[in-house]
Every structure is written in C-alpha cells, then in structure tokens.
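Visitor: Let me give you the structure first, and then I'll get to my questions.
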Amino acid sequence: MATRIPLSRSIAAHTVLIAYTLISLFPVFVILINSFKSRKAIFSDPLAIPTPETFDLIGYATVLKQGDFFQYFLNSMIVTCSSLFFILLFGAMAAFALSEYRFKANTLTGLYLALGIMIPIRLGTVAILQLMVAGGLVNTRTALVLVYTAQGLPLAVFILAEFMKQVSDDLKNAGRIDGLSEYRIFFTLVLPLIRPAMATVAVFSLIPIWNDLWFPLILAPAEEVKTITLGSQIFIGQFVTNWNAVLSALSLAIIPVLVLYLIFSRQLIRGITAGAVK
C-alpha cells in the first residue's frame, strides 16, 4: 500500500513550489506588461498594469521596423531546432550504446561525457574560434549548431542513459529473436518508451541555446546570421537605450519557449518525476 503523505507536509511542499513559481515568473511578468507601456510609464511605475493612458505599442512598432527582426527570429529557430535534433539523435544513440553494450571503455566513456557537464564549454572559446576560422565556418549558422550540439550532448547522454537502463531487456531480446536489427530495436522499441526523457532533454537544452548571447556574438555576428538575442542588442546603446524596443523584442523571444513547454509539459513532468515513485 502507498504511504499517505501528511496534509501538513503536502501543504508546505505546495506552498514552496507556488512561491518558487511566482518568483520565477515575476521577471517575465514585468517584461510583458512594460512592453505595452510608454517609456515614461515604464520608469514612473514599472510594476503597474498598462492602462488606456499608458498603453503604447511603440516598442513593437520599433522592433518590426528597425533591424530585421524576422530574420533574427528565423536564424534562432533554425539554430535551435537543428541543435535540438542532433542533441536528441546523437545523445540517444550514445546513451543506448552505453546502457546496452558492455565494453572496456564503457565506464571511462561515461566519465568523459560527465566532464562535459562539469566543465563550461565557454572555457574553450578561443580554441573553438580557431577551429571555426580554420574551417571557414565563422558567420554561419553551422558554427552555432556544432557548438550547441557539443554543449548539449553530455547532459543528454547522462539523462537518456539512465532511462534506457529501465527499458526491459526481454523486450529488446524479443526484437532480436524476431530478426530486428539494432537500429530497428533502437528506433521502434526503445525511443517510444523514453519520450518523457527526450522531452526533458529538449526543454533543458532549448533554453540555454535560445537565450545564448556569447557564441552568436563571437562566432556569428554578421547581420544575416544574427540570432534574436544578439539582434535585440541593436536597441541598447552606450548612452541611450530604447527600453520599449528591448522589452518588446524580449517578449516576442519568450513565445517559442512557452510554446515548447506547452507542447511537452506532460512528457516533461513525467520525465522529471520518473523513478520518484516505484
């Protein structure tokens, strides 16, 4: 029989979670409400809800007129979606190999990949830039995709390998008896069972990629390949900052993250809570 959680503990846990959620959403709330206000209203009362007197769409009009916002948005979508595809594909394949097969370097390979989680990839920025220059990949979306894929693989392998270890060996062996190749077993039997883990990896990888400013600034600063985060910097000057445009650009940049969360929310929650209750 399942152990019943005391009501007081349940209320305390939910109170903490609700408080954490409100704290996390507060900056998003401030950005959204101020993107619909005039510059004077933003500085006079930044926490006030827009009223008919303070409501102003000048920020969105500026974003759509100045710079090539749609190109920035498209670049971010291409880089993010491509990076997520390769992270999930290669991460799942590597995790399957580490969890399914036993070889001499199995543990060593796992530890090597774990170092990628502990050591920030930005420490190798100079070496990465040299590689991209040598390969003629500077100011290309390919450079960003390669870097973000390398950045996201260690965490993807770490999470997916643990989930794949829980997939029944009897199921995989039955597939082998039926004559399925290892690729068919991987794609048709294993992957459908680890969708919650895939959703978890996708969300955890998306946010750092979409919000990153460091590598786009160094590897792809050209106008035609700017991401939305880097493109928003055109409204930030040394002496004058167009806060209406900055907040409007950031509000539009939030949309893909919210959409992805709504799509994968159920799978994400299942992935995070998997194994908590046996």
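Visitor: Kindly indicate the residue of the stretch 57-107 that is touching an Asp or Glu at 6+ places or on another chain (Cβ under 9 Å) and within 17 Å of Tyr183 (Cα to Cα) and also surrounded by the most Cβ atoms within 10 Å (Cβ to Cβ) among those meeting that condition.
Guide: This residue is Ala95.
Visitor: Can you find even one residue in the stretch 186-206 that is over 23 Å from Val259 (Cβ atoms) and among the charged types (D, E, K, R)?
Guide: no
Visitor: Step by step: first the residues of the stretch 35-46, then only those that are of a type outside the set (Phe, Trp, Tyr), under 18 Å from Ser248 (Cβ atoms) and out of contact with any Pro (no Cβ under 6 Å at 6 or more places or on another chain), then the one that is most open to solvent (accessible area, probe 1.4 Å). Which residue is that?
Guide: For the stretch 35-46, the residue satisfying everything is Lys40.
Visitor: Further, regarding this structure: Name, by its number, the condition in (1) over 20 Å from Ser251 (Cα atoms); (2) surrounded by 12 or more Cβ atoms within 10 Å (Cβ to Cβ); (3) more than 24 Å from the chain's Cα centre (by Cα); (4) not small (Gly, Ala, Ser) that does not hold for Ile128.
Guide: Only one criterion in (1) over 20 Å from Ser251 (Cα atoms); (2) surrounded by 12 or more Cβ atoms within 10 Å (Cβ to Cβ); (3) more than 24 Å from the chain's Cα centre (by Cα); (4) not small (Gly, Ala, Ser) is unmet by Ile128, namely (3).
Visitor: Now a separate question. Kindly provide the set of residues from the stretch 200-241 that are assigned to a loop (DSSP other than H, G, I, E, B) and buried (at least 21 other Cβ atoms within 10 Å of the Cβ), ordered by number.
Guide: Hits for the stretch 200-241 are Asp212, Ala220, Lys226, Thr227.
Visitor: Residue by residue through the stretch 242-252, note down the ones that are touching a Ser or Thr at 6+ places or on another chain (Cβ under 7 Å) and either more than 11 Å from Tyr60 (Cα to Cα) or open to solvent by 20 Å² or more (accessible area, probe 1.4 Å) (or both).
Guide: Answer for the stretch 242-252, where residues must be touching a Ser or Thr at 6+ places or on another chain (Cβ under 7 Å) and either more than 11 Å from Tyr60 (Cα to Cα) or open to solvent by 20 Å² or more (accessible area, probe 1.4 Å) (or both): Asn242, Leu247, Leu250.
The values are calculated or read from the model by the stated rules, or taken from the named source; none is laboratory data. The structure presented is a predicted model; accordingly, all values stated were derived computationally and were not measured. In this analysis, Cβ positions are derived from the backbone assuming ideal geometry, glycine residues included, and neighbour counts consider all displayed protein chains. Ligands, DNA and RNA are stripped out before the accessible areas are found, and what is left, the full protein with its side chains, is counted by its heavy atoms. Shrake-Rupley method; radii C 1.70, N 1.55, O 1.52, S 1.80 Å.
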